[in-house]
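Below: the structure, in structure tokens.
FYI, it's all coordinate maths here, none of it is from the lab. In this text, all values refer to a predicted model and were calculated from it rather than measured experimentally. Ideal geometry is used to build each Cβ from the backbone, glycine not excepted, and the neighbour counts take in all protein chains shown.
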Amino acid sequence: MNGIIILAAGESRRMGQPKQLLEIENENLLDRMIRIAKESKFEMISVVLGAHMEKILPEVNTSGINIFYNPEWESGMASSLKCGLKHSLKSQPDLQFVLILLVDQPFVKTSLINNFFELHVEKKKPLIAAKYNDIYGVPALFGKELFPQILQQKGQGGARKLIKAHEKDLLSIEFPEGARDLDTPEDWEKFKQ
């Protein structure tokens with residue numbers, strides 16, 4: 001069993017509104033990421049929500065996915081990563097690997113997600129990270145060997161800290177568009193153009 005965990009618990013403070021609900025081609029960002037994940041080769045799709053959950057949930061198609069609430073979303077991305085993995089393991093104890101996605105990376109496509117899946121199946125490496133701007137980041141795939149380390153994460157940084165710790169032996173997938181996320185109204189306007 002394998003899965004995708006979409007992190008969507010943030011407050012979107014700099015955006016001034018829940019970015020999970022920003023619309024691209026008549027689809028909000030979270031629905032879009034869920035659809036892309038469902039179209040991939042991964043089996044289980046989970047979403048971690050936190051801030052604005054009561055606003056977001058009614059606007060999202062949650063059929064066929066797990067929704068987890070992170071009560072500690074304010075403490076940073078590591079808590080959402082831990083929350084998503086902990087609950088995913090509760091529902092699927094035989095989970096072998098997970099792909100971590102962020103809701104605000106609008107250039108993620110199903111083909112990219114499938115590249116992570118195929119590379120892991122072929123090479124059996126416990127860590128595969130996206131590479132952009134000479135750094136490694138998410139999307140990132142973690143094998144079960146790294147689950148204990150994920151469950152010990154604290155504070156900000158989430159997956160990036162773990163990726164940095166294993167930089168010497170990870171595999172990477174070029175994803176230059178990964179550098180563009182949506183944090184501010186300016187980012188959003190630029191993306192729409």
Tell me the angle of helix 29-38 to the major Cα principal axis of the chain, expressed in degrees between 0 and 90 and rounded to the nearest ten. 30 degrees
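For the chain, take the alpha-carbon Rg, divide it by the Kirkwood Rh, and send me Rg/Rh. Please list the in-between numbers first.
Working: Rg = 15.3 Å, Rh = 16.5 Å.
My calculation of the ratio gives 0.93.
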13 Å cut-off, amide nitrogen to a point 7 angstrom out along GLU72 Cα→Cβ, residues in segment 83-119: 83-87
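Computed over the Cα atoms, what is the radius of gyration of segment 66-108 divided by 2.2 N^0.38 Å, N being its residue count?
Details: Rg = 11.4 Å, N = 43, 2.2 N^0.38 = 9.2 Å.
Computed over Cα atoms of segment 66-108, the ratio equals 1.25.
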Built amide H within the under 5 Å cut-off of ILE45, gap 5+: ILE4, ASN66
Treating every alpha carbon of segment 1-81 as one equal point scatterer without solvent, the Debye formula yields log10 I(q)/I(0) values at q = 0.12, 0.14, 0.26 Å⁻¹ of -0.32, -0.44, -1.36
